[in-house]
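Engineer: What follows is a structure written as structure tokens; I'll ask about it next.
Read the figures in this text as sums done on the coordinates, not as results from a lab. None of the values given here were measured: they were computed from a predicted structure. Here the Cβ is made from the backbone with ideal geometry for all residues, glycine too, and neighbour counts use every protein chain on show.
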Amino acid sequence: MKKIIIAGLLLAPVITTAQEVRNLDSIVIVATQAAKDSPVAHREVTKEDLVRTAPAQNLPFALAMTPGAVVVGENGTGSGYAYLRIRGSEGSRIQVNLNGITLNNAESQEVFWVNLPSLSGFLENVQVQRGVGTSVNGSGAFGATVNMHTLYSRPRPYAGAELAYGSFNTWNMAIGAGTGIGTKESFLPNGMSLDIRYAHNLTDGYIRNGKGNLQSLFTRLSFIHPDYSIKAYYIYGDQCTGITWEGISREMLETDRRYNPAGEYTDDQGNVRYYPNETDNYTEHHVQLNYSHNITGSFSVSNTLHMTKGDGYYENYKEKSAGDYIVRRSMDNIYAALSSVARWRISEILRHSSEILLGLNYAYYNGYHFGLMTYQLEQPDFADAQEYYRNLGSKNDFSTFLKGTFEVPLGADPDNMLKFFGDMQYRHVNMMMEGPDKDGALLDHRSSYNFFNPKAGVTAVIKKDHQIYASVYTGSREPSRSDIKESIKAGKTEDVKHERMYDFEGGYRLTARHFMLGVNFYAMEYRNQLVPTGKKSDTGYEIKENVPVSYRRGVELEAGWQPFPQLRLEGNACLSRNKIKDLTIYLDTYDHPYMWNPLADQVTEHYNLTDLIYSPSFTAAALVAVKPFAAGRSLLQNMEAAFTARFVGKQYYDNTSNPDRMLPAYQHLGFILSQPFATRKAGTFTLSLFADNLLDQKYCASAWAYRAAFRDTGTIELTEGFYPQAGFNAMIKITWEWGN
């Protein structure tokens with residue numbers, strides 16, 4: 001194992017190979033990622049898979065081929081706010097790690113992918129685990145885990161650039177270079193390397209005001225020694241997007257799919273106008289410092305210090321009967337984390353491949369939420385605007401885990417074995433909120449949680465190609481800031497509970513040279529799951545409530561076949577039942593639809609068994625990749641055409657299983673064509689074409705609903721918002737790469 005060191009240290013010359021460079025992060029990878037023969041349902045997304053995604057789309061769209069995955073682009077294209085659901089679990093239940101460090105926001109427990117645009121451009125690979133998985137830190141793995149690993153250091157100098165243009169006036173530009181490591185061509189000391197990549201996206205978006213101006217920067221300074229390494233990362237993300245979280249009404253969906261109500265108002269002459277600066281703005285700075293040391297041949301350690309500084313605001317026009325005004329609501333936060341992992345290989349003692357990992361993680365979050373308000377509608381000046389609320393949230397998160405894998409021979413054949421997996425995690429969380437919210441409600445609240453999450457599994461490996469596995473995992477999760485906020489305002493703070501889930505998985509894998517087959521059965525049994533109600537806050541957050549008993553049960557099928565170099569086929573399907581037992585829904589009650597004065601009494605509805613929101617019972621995906629001239633030596637030898645297909649079954653956007661609040665099933669077809677042109681000295685030029693929604697399907701990938709009861713009229717009113725996705729759209733990209 002080799003490692004990386006900080007600028008300025010001059011050590012003895014080091015000779016490295018590409019394979020040695022790729023082994024540098026093995027401690028962190030083993031701690032967070034599932035091995036090929038582990039009892040975990042997972043999918044590997046390679047760098048080649050990431051390149052097949054249109055460059056302006058955020059990372060969830062690169063993971064759309066995952067079994068059970070549903071992706072949503074808020075502006076209709078995936079270039080702005082994008083969301084990923086797996087097995088029906090939304091973003092706050094998906095743990096996201098970058099180089100072993102949790103990226104989930106400590107308060108919302110989500111990852112806002114728009115804050116790190118063009119992320120796939122500086123990733124080497126991604127592993128998506130379904131279910132609780134082997135995630136060893138953080139709280140998000142209630143439905144899946146996304147483990148991302150940044151680009152490996154390269155042995156020799158390299159450079160690259162790309163330029164893309166597509167539908168809706170979408171531009172993407174990226175440029176990057178690296179010195180390589182351990183070569184004479186580098187101007188840095190032997191063993192040291194510097195990598196940098198910058199990307200900039202511009203788009204008008206599919207819906208009105210779906211614009212985006214996004215930038216990202218990835219830099220890494222590293223030093224590799226045969227026994228240790230230090231890596232310093234700086235990752236920057238900046239986004240300015242139009243507000244698109246409101247969705248559009250059912251009526252507008254039929255007449256104008258590109259309509260967006262954000263910022264709409266009526267002037268004194270009765271004309272409909274739009275506030276021009278209806279925008280969402282956020283900047284993130286990520287700093288990581290990793291030190292890894294191979295102390296002996298069997299014992300190694302890795303320590304990572306991470307800090308994220310984020311701040312931003314959104315500006316929004318409010319049209320009220322008492323007088324129109326403009327708000328600027330801001331966030332200013334800092335997140336710091338320390339992760340330490342020790343790895344002990346005990347193969348020499350047990351005479352077969354086994355190991356133990358011990359980890360410690362600590363994270364601290366501190367974030368301010370505050371807002372300014374002005375009645376200057378034409379040219380608002382927020383320098384002198386009134387601050388009308390400010391509140392603080394903080395969180396301390398400590399966890400430790402002990403994880404082990406042990407192999408036992410299964411008979412005399414050395415290729416047959418039983419591999420046992422065990423993982424015990426203890427986690428302690430302290431949360432605090434104080435100060436008034438934007439509606440004046442005091443958010444003073446303190447809470448603490450202690451969680452113990454054991455996991456165990458076994459895999460029977462037969463002739464290396466065949467694997468049969470079974471596992472039992474547990475997961476626990478505290479409520480988010482939004483969950484606690486809503487409980488405070490409803491006067492039911494004591495009613496919001498932490499969640500617990502028991503995840504039973506089992507299946508079979510066949511991995512041959514040209515063929516792959518997998519079947520996975522799962523049962524995710526929840527206690528006090530916090531389920532989206534279908535209602536959203538005025539900033540787009542999903543309002544949730546505890547349900548005592550719910551479950552997700554299903555089967556996932558995967559297959560892949562490459563009969564010859566010119567053809568590759570892949571496909572998967574997920575069939576599931578996603579239910580809530582004994583659900584009681586409480587509808588807010590008001591006096592009259594024109595007055596909206598709240599009443600203490602609520603209208604209740606009871607359901608013995610109903611479908612979980614946003615949980616289609618059937619999803620499927622397929623890929624057909626063709627290299628028609630791979631057998632020859634012509635200029636077109638490496639040309640590839642790939643067709644993708646995704647099918648998402650019907651899903652409900654509230655928890656009542658009412659067909660009137662159901663999104664119809666839809667299918668999405670895509671096409672990618674790439675042709676590289678290699679030169680001897682100038683590098684390789686690649687021309688790529690991306691086409692989405694080939695059949696021009698008019699579909700919505702998500703929606704929300706809010707129902708309220710009225711005493712005076714004896715009626716229930718429904719308000720909805722739909723998120724239409726773009727019809728046929730395309731993008732063309734030219735890429736230049738020089739070096740290895």
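Engineer: Between Glu434 and Val549, what FRET efficiency comes out of the Förster formula 1/(1 + (r/R0)^6) with R0 = 30 Å and r the beta carbon distance, rounded to 0.05?
Structural biologist: Step by step, r from the Cβ atoms, then E = 0.30.
Engineer: Counting pairs of alpha carbon atoms under 8 Å apart in space and at least six apart in sequence, what relative contact order in percent does the chain give?
Structural biologist: 11
Engineer: Moving on to the next point. Counting only other residues whose beta carbon sits under 14 Å from that of Ala41, what net charge do I get with K and R as +1, D and E as -1?
Structural biologist: The answer is +2.
Engineer: Still on this structure, please answer the following. Please name which of Tyr325, Phe370, Ala412 has its Cα lying farthest along the dipole of segment 306-429 towards the positive end, using unit charges on Cβ (Lys, Arg +1; Asp, Glu -1) and the Cα centre as origin.
Structural biologist: Ala412
Engineer: Related question: Please work out which option in (1) 165; (2) 197; (3) 185 gives volume of the Cα convex hull per residue in Å³ calculated from these coordinates, and answer with its label.
Structural biologist: (1)
Engineer: Would you work out the charge dipole size for segment 446-486 about its Cα centre, treating the Cβ of every Lys and Arg as +1 and the Cβ of every Asp and Glu as -1, and quote it to the nearest 20 debye?
Structural biologist: The calculation lands at about 120 debye.
Engineer: To the nearest 20 Debye, how big is the dipole of the chain about its Cα centre, given +1 on the beta carbon of each Lys and Arg and -1 on that of each Asp and Glu?
Structural biologist: In total the dipole reaches around 2880 debye.
Engineer: Quick one: Karplus J couplings for segment 648-665, per residue in order, coefficients 6.51, -1.76, 1.60, θ = phi - 60°, nearest Hz, x for Gly and Pro?
Structural biologist: These are the phi-based 3J(HN,Hα) values: 10, x, 4, 8, 9, 10, 8, 9, 9, 6, 7, x, 6, 10, 9, 8, x, 5 Hz.
Engineer: Once the dipole of segment 546-687 is set up with Lys and Arg at +1 and Asp and Glu at -1 on Cβ about the Cα centre, which of Ile672, Gly649, Thr604 lies farthest towards its positive end?
Structural biologist: Positive-most Cα among the choices belongs to Ile672.
Engineer: May I ask for the net charge around Lys698, where only other residues with Cβ less than 13 Å from the Cβ of Lys698 are counted and Lys, Arg are +1 while Asp, Glu are -1?
Structural biologist: -1
Engineer: From the cross-link list Lys419/Lys650; Lys455/Lys581; Lys485/Lys581; Lys438/Lys544, which pairs have alpha carbons spaced over 29 Å apart?
Structural biologist: Result: Lys419/Lys650 exceed 29 Å.
Engineer: Let me ask something else. Please arrange Lys438, Lys650, Lys231 by how many other C-beta atoms lie within 10 Å of their C-beta, fewest to most.
Structural biologist: Sorted ascending by nearby Cβ count, the order is Lys650, Lys438, Lys231.
Engineer: Continuing with this model, one more query. Could you tally the net charge around Tyr325, taking each other residue with its Cβ under 12 Å from the Cβ of Tyr325, Lys/Arg +1 and Asp/Glu -1?
Structural biologist: 0
Engineer: Mind giving me the FRET efficiency for Tyr165 and Ala412? R0 is 51 Å, r the Cβ-Cβ distance, nearest 0.05 is fine.
Structural biologist: After rounding, the FRET efficiency stands at 0.25.
Engineer: Sticking with this one: Does segment 157-267 come out rounded, prolate or oblate by the C-alpha gyration tensor, with a ≥ b ≥ c the root eigenvalues, rounded set by a/c under 1.5 and, if not, prolate when a/b is larger than b/c and oblate if not?
Structural biologist: prolate
Engineer: Let a ≥ b ≥ c be the square roots of the eigenvalues of the Cα gyration tensor of segment 37-136; is it rounded (a/c under 1.5), or, if not, prolate (a/b larger than b/c) or oblate?
Structural biologist: rounded
Engineer: Between Leu599 and Tyr234, 0.36 nm times their residue separation minus their Cα-Cα distance comes to what?
Structural biologist: 126.2 nm
Engineer: Which value at 222 nm does the chain reach when only helices count, each DSSP H run of 4 or more adding -39,500 (n - 2.57), with the total divided by all residues and rounded to the nearest 500 deg cm²/dmol?
Structural biologist: Helices in the chain give a 222 nm mean residue ellipticity of -1000 deg cm²/dmol.
Engineer: Estimate the FRET efficiency between Tyr388 and Lys36 by the formula 1/(1 + (r/R0)^6), using the beta-carbon distance for r and 45 Å for R0, to the nearest 0.05.
Structural biologist: Efficiency for this residue pair is about 0.25.
Engineer: Here's a follow-up. Within 10 Å of each candidate Cβ there may be at most 13 other Cβ atoms; applying that plus a DSSP loop requirement, which chymotrypsin sites (Phe, Trp or Tyr not before Pro) in segment 546-620 survive?
Structural biologist: Of the chymotrypsin sites (Phe, Trp or Tyr not before Pro), the ones in loops of segment 546-620 whose Cβ has at most 13 other Cβ atoms within 10 Å are Tyr594, Trp596.
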